[in-house]
């Protein structure tokens, strides 16, 4: 399965920030590929209490990327202005 990429605009303290969410079927090899490519890992793989499994990295310009397991449901909600489907 090819990873899917979503872009979500989040508003925090009147500042909008784009966060990219990359959906993948297996986080462990994805984390390894990011490291091998010289990517910066900002937070290791975590299993959240609500069932989400994810890790955070940054692109070469320092922009945040959240890698999430494909079981994660990406929805529009409070504080976001939308998610773009692949």
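Worth pointing out:
- With each label modelled as a point 7 angstrom along the Cα→C-beta vector, the residue 32-residue 52 pair spans 2.6 nm.
- Label-point separation, residue 70 to residue 45 (7 Å along Cα→Cβ), nm: 1.5 nm
- Legend: ranking of residues 61, 67, 55 from fewest to most surrounding C-beta atoms inside 10 Å; resulting order 61, 55, 67.
- Among 56, 21, sorting on how many other beta-carbon atoms sit within 10 Å of each Cβ, with the fewest leading, yields 56, 21.
Bear in mind these aren't lab numbers, they're just calculated from the coordinates by the rules spelled out. For clarity, every value in this text was computed on a predicted model and none was experimentally measured. FYI the Cβ positions are ideal-geometry reconstructions off the backbone, even for glycines, and counts take in every protein chain you see.
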